[in-house]
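Novice: Handing you a structure now.
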Amino acid sequence: MTQTKEPGAELPLQVQEDVTIRFAGDSGDGMQITGNQFTSTSAVVGNDLATFPDFPAEIRAPAGTRPGVSGFQLHFSSKDIHTPGDRPDALVAMNPAALVVNIKDLKPGGIVVVNEGNFGANDLKKAKLETNPIEDGTLEGYRVIVVDINKRVAEALADSPLSSKEVQRCKNFYTLGLMYWLYSRPLEPTMNWLAKKFAKRPELVEANQKALQAGYNAGDIHEMFQGQYQVPACNDLPAGTYRNILGNQAIGLGLVAGAAQSGLDLFLGAYPITPATDILQQLAAYKNHNVMTFQAEDEIAAVCATIGAAFCGKLAVTSSSGPGIALKTEALGLAVSVELPMVIVNVQRAGPSTGMPTKVEQADLYQSIFGRNGEAPIPVVAASSPADAFDCALEACRIALEYMTPVFLLSDNYIANGSEPWKLPRMEELPKIEVKFRTDPEGFQPFLRDEKLRRPWALPGTPGLEHRIGGLEKEDGSGNVCYDPQNHQKMTQYRQDKVLSIRDSIETPGVEGPESGDLLVLGWGGTKGSITSATNTCREAGLSVANMHLRHLWPLPNGLDAIFGRYKAVLIPEINMGQLWRVLRSEYPEHNFLSYPKVQGKPFMASELVERIKSILEK
Amino acid sequence: MTPEATLTKKDLKSDQEVRWCPGCGDYAILNCVQGVVAKLGIPRENVMFVSGIGCSSRFPYYMNTYGFHTIHGRAPSFASGIKIANPDLSVWIVTGDGDALSIGGNHLIHILRRNFDVNILLFNNEIYGLTKGQYSPTSKRGAVTKASPYGSLDNPFNPISLALGAGATFVARTIDSDQKHMARVLEAAAAHKGTSFVEVYQNCVIFNDGAFDDVADKKVRSDRTVDLVPGEPIVYGKERDKGLRIEGFGVEACAASDASVWNAGIPSPAPAMLFASIERGGELPDPIGIFRSVDAPCYEDDLHAQMAAVTEKKGPGKLEDLIYAGDTWEVK
């Protein structure tokens with residue numbers, strides 16, 4: 001850490017490479033907005049960043065209680081980073097519940113900003129506290145900044161025409177201003193955002209802008225902090241144009257891209273479900289992009305309408321989360337049987353059953369690969385980060401259209417609501433997806449396959465191609481209902497071979513680190529950031545550890561066998577009880593796979609992975 | 001509608017052998033539908049039959065049009081996606097009492113309220129046939145079936161009341177053995193813009209033979225049914241000498257000369273509901289014909305109009321604009 005002094009500045013300005021902060025408050029305190037604003041501003045400043053919001057499923061859990069605490073963690077850096085950070089350097093706690101729920105995560109010696117205005121006897125009672133944590137030693141070992149934000153905001157907005165209740169709603173912007181000062185962020189991006197957001201209510205624009213400025217000034221004037229930090233722009237990122245992107249947003253854009261690159265209209269059939277709803281909402285706004293959205297009466301209707309749209313030549317998509325996917329299961333079997341292209345998005349959440357709707361888990365891998373009656377293979381693609389979700393959505397569209405098959409696209413709650421800088425693709429770089437509709441009646445048979453085992457896509461409305469499809473077994477070629485034993489064996493084999501042949505169209509994933517050695521850490525989905533950080537740390541410590549990440553979970557890419565054979569063991573950290581681990585043990589029985597399961601509704605911390613890797617290598 | 005391409009019934013028969021039980025009412029319905037569709041003036045490639053699961057749901061295999069034999073109860077959902085994707089198709093949903101009213105009850109009410117421009121043919125035989133004889137959601141309370149050896153405890157649905165309650169814009173009932181009546185009703189259903197719901201009394205010769213004989217048998221039909229024909233007096237009987245009229249909150253018998261003139265087009269479903277509530281096998285004749293036929297916007301038309309309006313206002317969207325939206329920055 002270097003110390004400089006800006007000309008005229010009263011306090012020292014310290015340059016820091018890497019900062020993690022967490023905003024925590026009541027779910028009604030606006031912590032998500034605060035976090036998102038800090039994120040946008042840091043993006044504009046040019047930091048690399050990663051975010052992780054953590055909020056309750058309840059819209060407004062009882063105010064002041066521990067279950068009602070909403071958090072937003074942001075990691076911003078002047079170097080290339082991969083995770084939202086293990087432990088925050090600074091914590092903002094808007095009330096006692098937020099403080100006690102989060103304080104154990106704060107780094108020793110970290111900064112904690114506490115809103116004293118919400119630490120009255122009643123507030124402590126709501127948080128089930130007998131003593132005041134500001135005074136009872138809870139905060140020992142931290143740099144504690146106690147501010148009565150309620151009072152400061154009231155003072156700053158004394159002249160405002162707003163009611164005192166509305167004035168108090170500006171607290172989060174005061175807090176944001178304070179943190180902007182601490183980390184030397186410009187106010188303009190948020191000032192502009194407020195002006196736009198509340199354009200119809202100028203008094204709200206003024207009040208929130210004033211609160212933001214007052215918070216900033218307080219940092220400057222009151223010398224609450226020992227100094228100010230600066231996190232310079234990150235120069236490690238590849239050159240290009242960037243924006244900050246959430247995982248769900250990236251999926252929505254990737255699907256629109258899939259439609260644009262294949263020249264098809266996009267159809268989305270969906271039913272609202274956390275944490276996938278954003279995709280429906282986003283696409284519903286794209287009415288001028290040839291995007292049709294259908295909010296169905298239930299999950300089953302959503303997938304069935306999607307299959308209907310696929311029959312009629314749309315790029316058909318349904319989006320949901322685990323419990324909704326369970327409901328779609330029977331229809332997905334039909335999609336396999338009639339061999340129509342579609343993408344099924346599963347933004348996974350913690351299960352089983354309703355589970356923990358706003359918490360992360362990647363435990364729907366079995367559901368995706370195996371979860372249907374009969375032999376019903378469906379390819380599976382999984383995004384590893386918010387920005388990667390764009391490429392994966394496009395890839396899922398490619399596989400679906402190229403192979404006439406339904407495709408699972410897996411994301412999770414951590415990717416969906418997390419964000420990171422996304423290097424925007426140039427339009428001419430995006431892959432084209434070739435689609436051919438059958439129009440020639442000569443020799444047409446609905447289940448006559450080509451060299452890639454694909455059947456023709458013949459759209460209703462095409463003269464001379466009238467045909468019937470359905471869930472009953474079909475005769476090879478004609479597609480007529482057929483119960484012949486040998487035919488069923490043949491058709492089942494075709495469907496399996498077609499899906500397995502997709503592996504010839506995908507690249508073997510690359511390995512980071514030594515080409516052979518003691519340990520390969522293998523991941524899939526949202527664990528990529530933590531695994532990358534952890535294995536980097538291990539390699540820096542001289543350990544023989546490589547890492548690899550799978551985007552295609554079914555079929556598995558070619559070449560894995562040879563890679564696995566170059567390491568003494570393969571460690572598979574998963575936010576489930578070892579689902580990929582079991583799949584790999586059955587596919588590659590000769591290798592030594594180790595499972596590291598974690599199911600706490602939270603992502604892996606890089607540090608816990610480092611510990612596990614070290615303990616394995618010590619043995 | 002002026003027919004552009006005249007089809008014959010034969011053009012609409014597929015090359016698949018029809019495999020319903022000999023004597024099944026489905027044969028008569030298939031025959032009638034082929035006759036009606038042939039005369040619509042719609043090219044064969046623009047016709048699509050969609051079905052769920054059950055005896056009736058094999059229907060699409062026997063039509064030489066596009067067809068989709070889907071999964072149990074969900075045909076309306078598939079049809080919704082199909083109509084959104086291609087509003088030009090003439091879509092026919094073929095379903096049964098179990099398919100439409102039990103496992104698919106949810107989808108039925110929702111397609112009715114959305115008013116997609118499709119035709120729904122509900123073959124009601126008051127029994128589960130394909131699974132060999134269990135009580136269905138239209139079986140009478142007390143029905144003795146394989147799954148209810150001591151009598152069913154379920155109260156049956158009245159399909160017509162259900163459709164009216166869900167906001168259906170066209171609701172009708174016909175009888176498998178009355179080809180002329182069925183053809184008239186199906187023609188009206190096809191002409192209706194919006195969801196047309198047609199209940200067909202269909203005899204299951206194996207598991208529920210004669211279920212509708214009390215009203216549908218040729219010998220009693222003219223006295224035991226009354227045909228609701230929009231714009232005509234509600235009269236019935238061999239001699240057309242008996243009538244029905246609306247009185248207070250009910251329907252009562254009267255002389256033909258005093259019969260109400262049937263109006264299926266008023267906004268309120270209340271009069272239709274009065275006729276739907278007449279209990280089959282009671283004193284009054286069982287109403288068939290057209291209970292309701294009103295104009296209302298269709299979902300797929302509204303959706304495409306909304307897309308056109310937004311495109312008109314904002315201009316055709318470009319992927320690049322979506323990707324490069326919001327705050328962006330350069331890394332050099």
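The values are calculated or read from the model by the stated rules, or taken from the named source; none is laboratory data. Bear in mind that the values here come from a model prediction, so they are computed numbers and not experimental data. In this analysis, Cβ positions are derived from the backbone assuming ideal geometry, glycine residues included, and neighbour counts consider all displayed protein chains. With ligands, DNA and RNA removed, areas are computed over all heavy atoms of the protein, side chains included. Shrake-Rupley method; radii C 1.70, N 1.55, O 1.52, S 1.80 Å.
Novice: For B:ASN64, only one of the following conditions fails: (1) more than 7 Å from chain A (Cβ to nearest Cβ); (2) over 17 Å from the mean Cα position of the chain (by Cα). What is its number?
Specialist: (1)
Novice: Consider only pairs whose beta carbons are under 7 Å apart and that are at least six residues apart or on different chains; among these, list those whose first residue lies in the stretch A:417-431 and is within 11 Å of another protein chain (Cβ to nearest Cβ) and whose second residue is among the charged types (D, E, K, R) and part of a helix (DSSP H, G or I).
Specialist: Close Cβ pairs satisfying both conditions: A:MET427/B:GLU320.
Novice: Follow-up question, since we're still on this one. Report, by residue number, each residue of the stretch A:232-272 that is free of Cβ contacts under 8 Å to residues at least 60 places away in the same chain, more than 9 Å from every other protein chain (Cβ to nearest Cβ) and touching a strand residue (DSSP E or B) at 6+ places or on another chain (Cβ under 6 Å).
Specialist: Those that are free of Cβ contacts under 8 Å to residues at least 60 places away in the same chain, more than 9 Å from every other protein chain (Cβ to nearest Cβ) and touching a strand residue (DSSP E or B) at 6+ places or on another chain (Cβ under 6 Å): A:LEU266, A:LEU268, A:ALA270.
Novice: If we scan the stretch B:30-47, do we find a residue that is in a strand (DSSP E or B) and either open to solvent by less than 10 Å² (accessible area, probe 1.4 Å) or away from every other protein chain (no Cβ under 12 Å) (or both)?
Specialist: Within the stretch B:30-47, one or more residues are in a strand (DSSP E or B) and either open to solvent by less than 10 Å² (accessible area, probe 1.4 Å) or away from every other protein chain (no Cβ under 12 Å) (or both).
Novice: So B:ALA325 fits all but one of (1) over 30 Å from B:THR195 (Cα atoms); (2) open to solvent by 50 Å² or more (accessible area, probe 1.4 Å); (3) part of a loop (DSSP other than H, G, I, E, B); what number is the exception?
Specialist: Checking B:ALA325 against (1) over 30 Å from B:THR195 (Cα atoms); (2) open to solvent by 50 Å² or more (accessible area, probe 1.4 Å); (3) part of a loop (DSSP other than H, G, I, E, B), the one that fails is (2).
Novice: Go over the candidates A:GLY477, A:GLY559 one by one and state the one that is under 30 Å from A:GLU361 (Cα atoms), outside the structural domain of A:ASP80 (by TED's automatic domain parsing) and of a type in the set (Gly, Ala, Ser).
Specialist: A:GLY559
Novice: For the stretch A:243-356, give me every one of the strands (runs of 3 or more DSSP E) that falls completely inside it and has 1 or more residues that are in contact with a Ser or Thr (Cβ under 6 Å, 6 or more places away or on another chain).
Specialist: A:266-270, A:315-320, A:342-348
Novice: Which one is farthest from A:PHE390 (Cα to Cα) among residues in the stretch B:304-322 that are facing chain A (nearest Cβ under 7 Å) and in a helix (DSSP H, G or I)?
Specialist: The qualifying residue farthest from A:PHE390 (Cα to Cα) is B:GLN306.
Novice: Among the residues of the stretch B:71-89, which ones are touching a residue at least 60 places away in the same chain (Cβ under 8 Å), buried (at least 24 other Cβ atoms within 10 Å of the Cβ) and more than 7 Å from chain A (Cβ to nearest Cβ)?
Specialist: B:LYS83
Novice: If A:ILE378 meets every condition in (1) in a loop (DSSP other than H, G, I, E, B); (2) touching a strand residue (DSSP E or B) at 6+ places or on another chain (Cβ under 6 Å); (3) open to solvent by 10 Å² or more (accessible area, probe 1.4 Å) apart from one, which number is that one?
Specialist: (3)
Novice: Exactly one condition in (1) farther than 19 Å from A:PRO189 by Cβ; (2) open to solvent by less than 10 Å² (accessible area, probe 1.4 Å); (3) aliphatic (A, V, I, L, M) is false for A:ALA57; which is it?
Specialist: So A:ALA57 meets the others, but not (2).
Novice: Select from the stretch A:283-303 the residues that are among the acidic types (Asp, Glu) and facing chain B (nearest Cβ under 8 Å) and write down the one among them that is farthest from the chain's Cα centre (by Cα).
Specialist: A:GLU297
Novice: Considering only the stretch A:318-355, how many residues are over 22 Å from A:PHE447 (Cβ atoms), within 11 Å of chain B (Cβ to nearest Cβ) and crowded, with 24+ Cβ neighbours inside 10 Å?
Specialist: Of the residues in the stretch A:318-355, 2 are over 22 Å from A:PHE447 (Cβ atoms), within 11 Å of chain B (Cβ to nearest Cβ) and crowded, with 24+ Cβ neighbours inside 10 Å.
Novice: Of (1) in contact with a strand residue (DSSP E or B) (Cβ under 8 Å, 6 or more places away or on another chain); (2) more than 12 Å from chain A (Cβ to nearest Cβ); (3) surrounded by fewer than 18 Cβ atoms within 10 Å (Cβ to Cβ), B:ALA264 satisfies all except one. Which?
Specialist: All conditions are met except number (3).
Novice: Next question. Please go through the stretch A:548-562 and pick out each residue that is open to solvent by 10 Å² or more (accessible area, probe 1.4 Å) and in contact (Cβ under 8 Å) with a residue 12 or more places away in the chain.
Specialist: A:HIS549, A:ARG551, A:HIS552, A:TRP554, A:ASN558, A:GLY559, A:ASP561 - these are the residues of the stretch A:548-562 that are open to solvent by 10 Å² or more (accessible area, probe 1.4 Å) and in contact (Cβ under 8 Å) with a residue 12 or more places away in the chain.
Novice: Could you tell me which numbered condition A:SER544 fails, if it satisfies all but one of (1) among the hydroxyl-bearing types (Ser, Thr, Tyr); (2) open to solvent by 30 Å² or more (accessible area, probe 1.4 Å); (3) under 24 Å from the mean Cα position of the chain (by Cα); (4) closer than 30 Å to A:ARG87 by Cα?
Specialist: The one condition A:SER544 does not meet is (3).
Novice: List pairs: first residue in the stretch B:6-17 and within 14 Å of chain A (Cβ to nearest Cβ), second residue part of a strand (DSSP E or B) anywhere in the structure, Cβ distance under 9 angstrom, at least six positions apart or on different chains.
Specialist: Listed pairs, sorted by first residue: B:LEU12/B:VAL47; B:LEU12/B:MET63; B:LYS13/B:MET63; B:SER14/A:ARG468; B:SER14/B:MET63; B:SER14/B:GLY67; B:GLN16/A:ARG468; B:GLN16/A:VAL481.
Novice: Is it the case that the stretch B:97-108 has a residue that's over 20 Å from B:GLY165 (Cβ atoms), open to solvent by less than 10 Å² (accessible area, probe 1.4 Å) and in contact (Cβ under 8 Å) with a residue 24 or more places away in the chain?
Specialist: No, the stretch B:97-108 has no match at all.
Novice: B:HIS107 - would you say it is assigned to a helix (DSSP H, G or I), farther than 29 Å from A:PRO463 by Cβ and either within 8 Å of chain A (Cβ to nearest Cβ) or at pLDDT 95 or above (or both)?
Specialist: yes
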